[in-house]
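Each value in this text was obtained by applying a stated rule to the coordinates, not by laboratory testing. Everything numeric here is computed off the predicted structure, so don't read it as measured data. Every residue, glycine as well, gets a Cβ built from its backbone with ideal geometry; the counts of neighbours run over all protein chains shown.
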């Protein structure tokens, strides 16, 4: 056989064998294990109906070559406000974090946390903030690899008395989730109290707070149904909400093989944001329906009824715009961008119950068992009414809280 012909046959044989050898090499390669860290409990909707299904979907689409171990309730250590830094520094491979836990650090994302700025629906907000992030947030989150941004549904006023007006809200001490929610409550003549979410029941029992400005899903998770029987909801927009980012350590992402990067990418962006938003909307509906079945009074305020509320919080928006200008940011442009994207997704269909994809073979995300909570009660941080606001009567002869100066 001529030498050239033998060389050609050998080359063809090698080319035919190469894909099979590559598949064998991939099958023999050890799976990539990623640690996902977050602060929700292992029985929360965010954990059970978003993070676990998302992780299983990634595992399934990777053919089992990616494994995601999930650590709820800050089991890898630290505080919720440190999660983004943990992803940046590689202490965790993936985190689910709230940018608002570090006030002022991520200023541009706050356009979605301004009072009455977003929809009452989490799916609308989550799709909108994912597009907003692509347009405005690349620089603020350049130290990590964002997988998706999402936004909760809306804060509902949960109290032990009926609240349908600003007059009925004044003087109440309400748990709030971020600084702008605290500013909004303060502008309405109430007190905004910042305390770790797991400590809310103790704060209620100790009369440190009278209620909460929190989404519906906290009611069953904190067992508040026996304490707070009255609920004030809003028909069109949201008095408060919280933004979230699911983010990955940059080095962990970059060292993935190209095909595994593609799996992460396919489960990023709008696909993941939509999963989170749908989860919260379904949670809110389920919990609100259960409250109605218990006979809890639920007041849903219309746009006309909250016109006075909107006027009262205008100084909060004006101050935020001033703070953005001091940072050389165009706050008006950010608000307009957020509103345009919320309008873009306003007609998103109501989500249906999500079916979690099955994991490949017998693999599924590892969730570290969670010990019963035993943390000591945290000290409440209080955002008091402005000095020029009417002085409310302190409930049950308690001294009014001191004003807390929260930096931007």
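Using alpha carbons only, how many angstrom separate the centre of region 313-342 from the centre of region 117-179? A separation of 15 Å, based on Cα centres. Considering region 82-221 at the alpha-carbon level, its Rg and Dmax are found to be 16.3, 49 Å.
Reducing region 278-309 and region 32-59 to their Cα centroids gives an inter-centroid distance of 27 Å.
Could you tell me how far the Cα centroid of region 192-213 sits from the Cα centroid of region 64-110, in Å? Measuring centre to centre over Cα atoms gives 24 Å.
Packing, as the average of other Cβ atoms within 10 Å across residues, places the peptides 161-168, 91-98 in the order 91-98, 161-168, highest first. Peptides 232-240, 198-206, 123-131, 276-284 ranked from most to least packed by the mean count of surrounding Cβ atoms within 10 Å: 123-131, 276-284, 232-240, 198-206. Going from the residue with the fewest nearby Cβ atoms within 10 Å to the one with the most, 37, 47, 308 rank 308, 47, 37.
Taking other Cβ atoms within 10 Å as a rough exposure proxy, 73, 242 sort from fewest to most as 73, 242. Structural size metrics of region 30-397, computed from C-alpha coordinates, are Rg and Dmax of 20.2, 65 Å. Working value for region 79-153: equivalent-ellipsoid semi-axes of 21, 13, 12 Å, each the square root of 5 times a Cα gyration tensor eigenvalue, largest first. Neighbour counting of Cβ atoms within 10 Å sorts the residues 35, 285, fewest neighbours leading, into 285, 35. Among beta bridges from DSSP that stay inside region 30-397, the antiparallel ones total about 50%.
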